[in-house]
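What follows is a single structure, written as structure tokens, with notes after it.
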Amino acid sequence: SLPIVAIIGRPNVGKSTLVNRLAGEKAAIVHDQPGVTRDRTYLPSYWGDREFVVVDTGGLVFNDDTEFLPLIRQQAMTALTEASAAIFVVDGRTGPIGADEEIATWLRQQKVPVLLAVNKCESPDQGLIQAAEFWNLGLGEPYAISAIHGNGTGDLLDELIKHL
Ligand code: GDP
Ligand code: MG
């Protein structure tokens, strides 16, 4: 069976937009409302001659048990247990926030290789500065990307397939 790549992150950072780009079709639900993707969505994808399946997850929030958050959290954690690698998506416009640090702490305790994608970096120069702010998450090199426009996703995928 194909390796699974889990797309993880807090609400509204662009996880579903990245999944759409990787899968090359508008299959996942993209919405401005945080936490809209409640179920996991699996989509076939490839880079070069490497095939894999991307799984979109709902916005991961620790330390808040309102409404569907515990269910979404469980779904994201299950997605990670199935995954050969994960892409942790953060928002280059907001910079790192506490919710990212909580997710990073959890991810560092997992055995799955994690790539850190700093999304919403449309400007190449600004993107490098935005991405550098995320070194402190302790997950290695932050990759500046724009899920909407596709900037930087090639470098991210080059690195990703090394782990599959
Ligand atoms: P999710 O909640 O993490 O799945 O995030 P979505 O993919 O639903 O996107 C949340 C919001 O961020 C939407 O308004 C998207 O249009 C916007 N967004 C996603 N990717 C990018 C990007 O690369 N650049 C910018 N500027 N906005 C983005
Ligand atoms: Mg989503």
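The values are calculated or read from the model by the stated rules, or taken from the named source; none is laboratory data. This one's a predicted model, so the numbers in the text were calculated from it and none came from an experiment. Heads up, the Cβs are rebuilt from the backbone with ideal geometry, glycines too, and the neighbour counts pull from every protein chain shown.
Data table
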{"read-out": "Some residue of region 87-109 being under 21 Å from E51 (Cβ atoms) and modelled with pLDDT of 95 or more", "value": "yes"}
{"read-out": "Restricting region 107-144 to residues that are among the β-branched types (V, I, T) and not in a helix (DSSP H, G or I), the residue that is surrounded by the most Cβ atoms within 10 Å (Cβ to Cβ)", "value": "V118"}
{"read-out": "Residues within region 145-160 that are surrounded by fewer than 16 Cβ atoms within 10 Å (Cβ to Cβ), away from ligand 2 (no atom under 16 Å from the Cβ) and in a loop (DSSP other than H, G, I, E, B), tallied", "value": "2"}
{"read-out": "Residue count for region 50-99, restricted to those that are outside any strand (DSSP E or B), charged (D, E, K, R) and away from ligand 2 (no atom under 16 Å from the Cβ)", "value": "4"}
{"read-out": "All positions within region 45-66 that are more than 13 Å from I7 (Cα to Cα), in contact (Cβ under 8 Å) with a residue 12 or more places away in the chain and of a type in the set (D, E, K, R)", "value": "R50, E51"}
{"read-out": "Qualifying residue in region 25-41 (condition: modelled with pLDDT under 90 and not in a loop (DSSP other than H, G, I, E, B))", "value": "yes"}
